[in-house]
1. Can you tell which of A:L126, A:L88 is surrounded by 15 or more Cβ atoms within 10 Å (Cβ to Cβ) and hydrophobic (A, V, I, L, M, F, W, C)?
2. Which one of B:A160, B:A180 is among the aliphatic types (A, V, I, L, M) and away from ligand 1 (no atom under 16 Å from the Cβ)?
3. For A:A110, state whether it is without any contact (Cβ under 8 Å) to a residue 12 or more places away in the chain and among the small types (G, A, S).
4. Could you list, in sequence order, all residues of segment B:54-72 that are near ligand 2 (Cβ under 10 Å from one of its atoms), farther than 14 Å from B:R28 by Cβ and assigned to a loop (DSSP other than H, G, I, E, B)?
5. In this structure, is A:V47 among the β-branched types (V, I, T) and either at pLDDT 90 or above or buried (at least 16 other Cβ atoms within 10 Å of the Cβ) (or both)?
6. Counting only residues that are within 14 Å of chain A (Cβ to nearest Cβ), within 21 Å of the chain's Cα centre (by Cα) and surrounded by fewer than 21 Cβ atoms within 10 Å (Cβ to Cβ), how many does segment B:128-183 have?
7. Against the condition among the β-branched types (V, I, T), more than 15 Å from ligand 1 (Cβ to nearest atom) and modelled with pLDDT of 90 or more, how does B:I113 come out, does it pass?
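The values are calculated or read from the model by the stated rules, or taken from the named source; none is laboratory data. Everything quoted here is computed from the prediction, not taken from an experiment. Cβ coordinates were reconstructed from backbone atoms using ideal geometry, including for glycine residues, and neighbour counts include every protein chain displayed.
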Amino acid sequence: MSMNPGGSEGRLLAVLERSWRPVALLVACFAVWWAITSTQLVPPYLVPSPGTTLGVMTEKSSYLWQHTWVTTYETVLGFVIAVVIGVLAAVVMVYSTTVEKTLYPVLLFAQVIPKIAIAPLFVVWLGFGLTPKVVVAVLIAFFPVVISMVTGLKSVDPEMLQLAATMGASPLKTFAKIRFPASLPHLFSGLKVAVTLAVTGAVVGEFVGANEGLGFVILQANGNLDTPMLFAGLLVMSLIGVVLFVLVEIAEQLMLPWHASRRGEAATTTL
Amino acid sequence: MKGNLEAERTPGAATAVAAVELDAVAVRFRAKKKEVTALRDVSLSVAPGEFVSIVGPSGCGKSTLLKLVSGLLRPSAGSVRLFGEAVGGTRHDIGYVFQRAALLEWRSARRNILLQAEMRGMPAAEAGRRADELIEMTGLTGFEDALPHELSGGMQQRVALCRALLHRPPVLLMDEPFGALDALTREQMNVELHRIWRETGTTVLLVTHSIAESVYLANRVLVMTARPGTVAEIIDVDLPGSRDYAETMSQPSFAEATGRIRDLLGAATATD
Ligand SMILES: Nc1ncnc2c1ncn2[C@@H]1O[C@H](COP(=O)(O)OP(=O)(O)OP(=O)(O)O)[C@@H](O)[C@H]1O
Ligand SMILES: [Mg+2]
């Protein structure tokens, strides 16, 4: 760290500069929460105080950890599968209008079906194990991936493609060197939506039939009128979403330094 | 293919066959049931090593004309030939520069130039040497590793020019390459392009909206009429082969040519 003070300190400052506002908002939310519960506006069996909730979280930490891992595993697996299938589907759709015309309505249909409504069906088909949760996560995360990737692949500068044609570039080279990298900024905005949706998908899958995972924890807590545990489950679930989101953002900055840096530049000039 | 390109560039064969030949070319577009005639009865013959500028009112089909020569677009009537060979599909023996530099924003200047080589599967060592040569020739030295957004508009256009020249194309097509530049940078780029053209001996077709630019750079200027685009006149520029910018501007023949073009363009827009 001290070897390169300018660089690391500069980066730290940038992170602080970016994160102090959301952190402040979060603190404010906790303050309001604390105020509401401490003034007894709402009875504690409906809304537990932050203190009680955090108390439960530390007290039952190993129990929570165990179920958090289950949900995280389902989410990440679902997300990764959704990305692979989504990107492949987008590529095929962009290169073949026939496939696009056939697949688009199907995709749209799959998207508009309420996942909660079909989740029980997956339990019937696939049992109580890991699979139905992953399937729901994939279903829910898949759509933003396809849409963003299709948009990305289609938004390539047509002149760039004409240029590639005059270079005698093969379709594969044009894809690898121009179309795919050019679509990445779009894809990443879709990935950020998808990863948070995948958490929802996994939990929905757990709601309809599971004996582990945060969805199970929340249902159990609900059944026992254990609101502190319910709140703890909700908090951890949100944390999974936030952490995964941040991981995708970090991946984005590592893979697209050219793009992220420009956004940074734009931000400083408009502020 | 490559060997025969080299042969065609040798001066001996220069007068034998035209580098670019358009014969009674027409282009019609179908857009929303309406048929638009972009070009009508355009004929032009460009000798190897010649520099021809193309000027005309907006929408008269200048870009369309370059697309025809490159084979990106097929004519509705008439024929297009490159070195005597009918243009069937997209030609690979050309260099293309667009109005916007069209650079890949994730690639450095040098790697943007080398895209040409990668796409063509040119030997890396040879391509690298050629890229360095062009970088030096266009004054990009020191900016090889800069990303496009770190470059000025003029530098971006230089990168696009280097990319178009990397494979030593016998024909260079330029579609308003300096349109987005400020007047001073544009003059510098004109001087540079003139020097590069003199050094490489490439056949150039340049579309431009600047009358001064068109005359300073070219052996001949093709003036087009408003839509549907036809040839209003092809003007011979009576200026020496190697041209100094300021000196050229003060030449009587320069004033004569620009005046003539201005008259023709005035007439073209008046009938529009
Ligand atoms: N793909 C297309 N489909 C339909 N019409 C087209 C197409 N491309 C060009 N045109 C029409 O053909 C005409 C000539 O277009 P072109 O782009 O060649 O003009 P231009 O001389 O380059 O104009 P500018 O100076 O504004 O660039 C225009 O009227 C344009 O609307
Ligand atoms: Mg044009």
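1. Selected residue: A:L126, the only one of A:L126, A:L88 that is surrounded by 15 or more Cβ atoms within 10 Å (Cβ to Cβ) and hydrophobic (A, V, I, L, M, F, W, C).
2. Of B:A160, B:A180, the one residue that is among the aliphatic types (A, V, I, L, M) and away from ligand 1 (no atom under 16 Å from the Cβ) is B:A160.
3. Considered against the rule, which asks whether it is without any contact (Cβ under 8 Å) to a residue 12 or more places away in the chain and among the small types (G, A, S), A:A110 comes out as no.
4. Passing the criteria: B:G56, B:S58, B:G59, B:C60.
5. Spelling it out, A:V47 is indeed among the β-branched types (V, I, T) and either at pLDDT 90 or above or buried (at least 16 other Cβ atoms within 10 Å of the Cβ) (or both).
6. Total meeting the criteria: 4.
7. yes
To keep it simple, each residue is scored yes or no on (1) within 14 Å of B:P228 (Cβ to Cβ); (2) charged (D, E, K, R).
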{"residue": "B:A26", "(1), (2)": "yes, no"}
{"residue": "B:K34", "(1), (2)": "yes, yes"}
{"residue": "B:S45", "(1), (2)": "no, no"}
{"residue": "B:G49", "(1), (2)": "no, no"}
{"residue": "B:V55", "(1), (2)": "no, no"}
{"residue": "B:T64", "(1), (2)": "yes, no"}
{"residue": "B:G71", "(1), (2)": "no, no"}
{"residue": "B:S79", "(1), (2)": "no, no"}
{"residue": "B:A86", "(1), (2)": "no, no"}
